[in-house]
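The values are calculated or read from the model by the stated rules, or taken from the named source; none is laboratory data. Only a predicted model underlies this, so the values are computations on that prediction, with no experimental measurement involved. Reconstructed Cβ throughout: ideal geometry from the backbone, glycine too, with neighbour counts over all protein chains shown.
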Amino acid sequence: MQDDTTRRQQKIGKQIVLPLSKAFEIAWKGIKIRLWRSVITMSGIVLAIAFLMSVWTSSVFDRSLRSVEPSDELYGLVQDVLEAEAIASGRQRIQCAIVEQERAATSVEHVTPGMRIRHFLDGEEAFRSLPVPADADAIAETLEGENPPHVMLLAGFPDVVSVEPVPRLIGDFVRGGGLLVAYGAEGLQDRPAPEQMPLARLLPASPGSGSFSAEGADIEPGQEFAQVLWQNHPGAAFLETSGKPKARALASSGGRPLGWMWQVGDGTVAWYAVDASSAQDVDVISWLLRGQTTQAAGEKERETTGLLVRLIARAVGKKVETGDMRGTWLVTLSLLVCVVGISNAMLMSVTERFREIGTMKCLGALDMFVVKLFLIESSLQGVVGSVAGALIGFSLSFVRALFTFHVKDVQTGEGFWLSLRYFPAATLLGWVGVALGTGIVLSVIAAIYPAIRAARMEPVQAMRAEA
Amino acid sequence: MAGTATTETEIAQQVVVRTKDVKKVYKMGKVEVHALKGITVEIEAGEYISIMGPSGSGKTTLFNMVGALDKPTSGQVYIDEVDVAQLDAYELAWLRCRKIGYIFQTFNLIPVMSALENVTLPMTFAGLTTDEARNKGMDLLDQVGLADRYDHKPFELSGGQQQRVAIARAMANSPSIILADEPTGNLDLATGKEIIQLLGEMNRKEHVTIITATHDIKMLSASDRIVWMRDGALAKIERRENLDIQIGSIEGDAEGGVEASLRGTGEREKEESTDESAEQ
């Protein structure tokens, strides 16, 4: 009875604040025992972060490897040239022969330069594509046939152009007013120097190469073009092309040809080896075409080239813009999914434990202790879930990128895993950091609100809120 | 023995819970529900008191007020002469932790914790070290007869066993009051009886005040006083002795009767009369 009295006389004190380690201990115990529930909660975070990370990884690979592959800009350019030709010629239907080296498609997504242009041509009313095997006889048959094409496309630079009589035939075709467009920069870095380039042999009597300087140039009227090339590529070696019919310029940088253009009779031979990641090269092409305008005598030609410049500006501008828009939209969307997914998972895991929170409060837990408990739990789940999500998301997108950016050398048949060769480690690591941060911050923020609400409730209310 | 020696001031000290015109209004949409319509009651230390009444009579609401689990719309609740409404969050947590032990109809053990961990949780909140809490927790589990099942999780225990753990948990910090809301509501007859017995034992051995809200008739014979409620108001307050005449034969619970007669009841009669006059 004595200690009964003393117990009653005890004044009301203040509840002690437990150290964080106690909260951690209890939270950890909870996670361990509620393992499955924790895993399910975490799977929300894992999915959200995996989605985010996969979108980011994809866009990093796309952005950093697109310049390695033949670029969209290049194709845009070729398309623009063809469109301009169509308008300039006034013909109803332009026949385009496409010669492309036979190449093994290494993946479903791998599209060869010839396939891309064919796809474009077949979609346009004004053109008719005419695939020609990369075979000297087939080319001869096509060019000397009854109904010769107006445009000759050398896609991906097939080897056959150096096999007689193809150079002669193509030379005649061009001199007869045909448009020759050679394109496709893939694998060009590994090609021999320009002198040995098969296309050089298209020109009659190539006298070999020499150094070129702006002063001693006999390259007018293409001087402007040469100057632009010179400015943009200080290391470029210019090769003399005197003796050729109205040859304009020829340049190479580090063994890689940059661009040639000839005026042969009424026809134009254009070959662009454009480094599409470089805006300067796009400038070069614009310059080249503008140069043509100044040289042009007739009204019609002026119109054509003016149009070309506009088309290029449009194509390049549009490409960049839409690419960014789509990326931003995807990232925004995935962030939204991430926020909703994580919030929902955390909200569920807190609300279903209202009763537990009420009980804890009855036993003397302070509001802050309850909040701490849930924040510790959610941040632990956030860390584990985000790491797992980032790993999964990255892996998925990496595998995708691996196959998307696998190319085969035309000549040797050797395959290249571009995503491995040009692995953008630093950029990706940055995004991994952002994804982890997003996951952890989101899961904590999402848990704060329901935890505080539950902690503030009167115990009775919390226990009544049946899960 | 205490009863015979007490003076008037000591009697005042012995009132552990006092409510003064407690009202509670719930808003259900536009309708106001008057769950409590002004309750004034005094509960003495060491008393075993049952709040009885049909569902919706407000007994759980009153019970929650008395246990500082909910705030009255108006009126005061004094626990050891301290107005609960005046306490800040820290003091309230302290009160719930050390002064009051709670027992619920649905047991409300923390599902992820073992029996022992459930019992030691309030001790952890009270700042006991892990070892102290463990020893004390094992003692308490022993008292409720579950020492050998200390490592079992709630779902591995039967309802009766869970409620025993809950009783041990309620006793963790040697409270002066144990609040039991329908403690036998989810239990079968025999187990319910055991629990009532156990509560009675605690009441006798530890001199802890026990307040239960119940409509289990079994509870009556164990109680010192019964507070009958109807429609949010006190219908009557009866001492068990009076009640024994009516239902004693039905229950056949002789033990409670013997226990009650051992206690000094002189003050209680006085108490009761004041309660009843306050009610009117």
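A compact table of results
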| item | result |
| --- | --- |
| Near pairs, Cβ below 7 angstrom, 6+ apart or cross-chain, from the range A:433-462 (within 14 Å of chain B (Cβ to nearest Cβ) and buried (at least 21 other Cβ atoms within 10 Å of the Cβ)) to any residue that is assigned to a helix (DSSP H, G or I) and among the aromatic types (Phe, Trp, Tyr) | A:Ala462/A:Phe354 |
| Test: residue in the range B:92-113 that is more than 8 Å from chain A (Cβ to nearest Cβ) and of a type in the set (Phe, Trp, Tyr) | yes |
| Residue pairs meeting the criteria (Cβ under 8 Å; at least 6 apart or on separate chains; first aromatic (Phe, Trp, Tyr), in the range B:133-159; second in a helix (DSSP H, G or I)) | B:Tyr150/B:Ala115; B:Tyr150/B:Leu116; B:Tyr150/B:Gly137; B:Tyr150/B:Met138; B:Tyr150/B:Leu141 |
| Evaluation of B:Thr191 against (1) within 14 Å of chain A (Cβ to nearest Cβ); (2) in a helix (DSSP H, G or I) (one fails), failing number | (1) |
| When residues of the range B:145-177 are limited to those that are aliphatic (A, V, I, L, M) and more than 13 Å from chain A (Cβ to nearest Cβ), the one surrounded by the fewest Cβ atoms within 10 Å (Cβ to Cβ) | B:Ala147 |
| Qualifying residue in the range B:54-63 (condition: at the interface with chain A (Cβ under 8 Å from one of its Cβ atoms) and either touching a residue at least 24 places away in the same chain (Cβ under 8 Å) or part of a helix (DSSP H, G or I) (or both)) | no |
| The range B:128-144: number of residues that are surrounded by 16 or more Cβ atoms within 10 Å (Cβ to Cβ) and within 12 Å of chain A (Cβ to nearest Cβ) | 2 |
| Residue in the range A:411-424 that is modelled with the lowest pLDDT, counting only those that are small (Gly, Ala, Ser) and farther than 16 Å from A:Asp62 by Cβ | A:Gly413 |
| Test: B:Thr209 is at pLDDT 90 or above and of a type in the set (Ser, Thr, Tyr) | yes |
| Subset of the range B:138-171 (residues that are touching a Phe, Trp or Tyr at 6+ places or on another chain (Cβ under 9 Å) and small (Gly, Ala, Ser)) | B:Gly159, B:Ala166, B:Ala170 |
| B:Pro122 being assigned to a helix (DSSP H, G or I), of a type outside the set (Val, Ile, Thr), within 14 Å of chain A (Cβ to nearest Cβ) and in contact with a helix residue (DSSP H, G or I) (Cβ under 8 Å, 6 or more places away or on another chain) | yes |
| Residue check for B:Ile177: touching a Ser or Thr at 6+ places or on another chain (Cβ under 8 Å), in contact (Cβ under 8 Å) with a residue 40 or more places away in the chain and closer than 25 Å to B:Glu132 by Cα | yes |
| Test result for A:Gln95, at pLDDT below 85 and surrounded by 15 or more Cβ atoms within 10 Å (Cβ to Cβ) | no |
| Filter result for the condition that a residue is aromatic (Phe, Trp, Tyr) and part of a helix (DSSP H, G or I), over B:Tyr90, B:Tyr78, B:Tyr102 | B:Tyr90 |
| Breaking point among (1) small (Gly, Ala, Ser); (2) within 7 Å of another protein chain (Cβ to nearest Cβ); (3) more than 12 Å from A:Gly364 (Cβ to Cβ), for B:Ser74 | (2) |
| Matching residues in the range B:112-143 - criterion: being more than 23 Å from B:Leu199 (Cα to Cα) and of a type outside the set (A, V, I, L, M) | B:Thr124, B:Phe125, B:Gly127, B:Thr129, B:Thr130, B:Asp131, B:Glu132 |
| Residue match in the range B:77-89 (condition: among the acidic types (Asp, Glu), within 9 Å of chain A (Cβ to nearest Cβ) and farther than 22 Å from B:Asp216 by Cβ) | yes |
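Residue by residue, here is whether (1) at pLDDT 85 or above; (2) touching a helix residue (DSSP H, G or I) at 6+ places or on another chain (Cβ under 9 Å); (3) surrounded by fewer than 12 Cβ atoms within 10 Å (Cβ to Cβ) holds:
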{"residue": "B:Met1", "(1), (2), (3)": "no, no, yes"}
{"residue": "B:Thr7", "(1), (2), (3)": "no, no, yes"}
{"residue": "B:Glu10", "(1), (2), (3)": "no, yes, no"}
{"residue": "B:Gln14", "(1), (2), (3)": "no, yes, no"}
{"residue": "B:Arg18", "(1), (2), (3)": "yes, no, no"}
{"residue": "B:Gly29", "(1), (2), (3)": "no, no, yes"}
{"residue": "B:His34", "(1), (2), (3)": "yes, no, no"}
{"residue": "B:Ile39", "(1), (2), (3)": "yes, yes, no"}
{"residue": "B:Glu42", "(1), (2), (3)": "yes, yes, no"}
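Yes/no per residue for (1) at the interface with another protein chain (Cβ under 10 Å from one of its Cβ atoms); (2) at pLDDT below 85; (3) in a helix (DSSP H, G or I):
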site: A:Gly13; (1), (2), (3): yes, yes, no
site: A:Leu18; (1), (2), (3): yes, yes, no
site: A:Gly30; (1), (2), (3): yes, yes, yes
site: A:Val39; (1), (2), (3): no, no, yes
site: A:Ile49; (1), (2), (3): no, no, yes
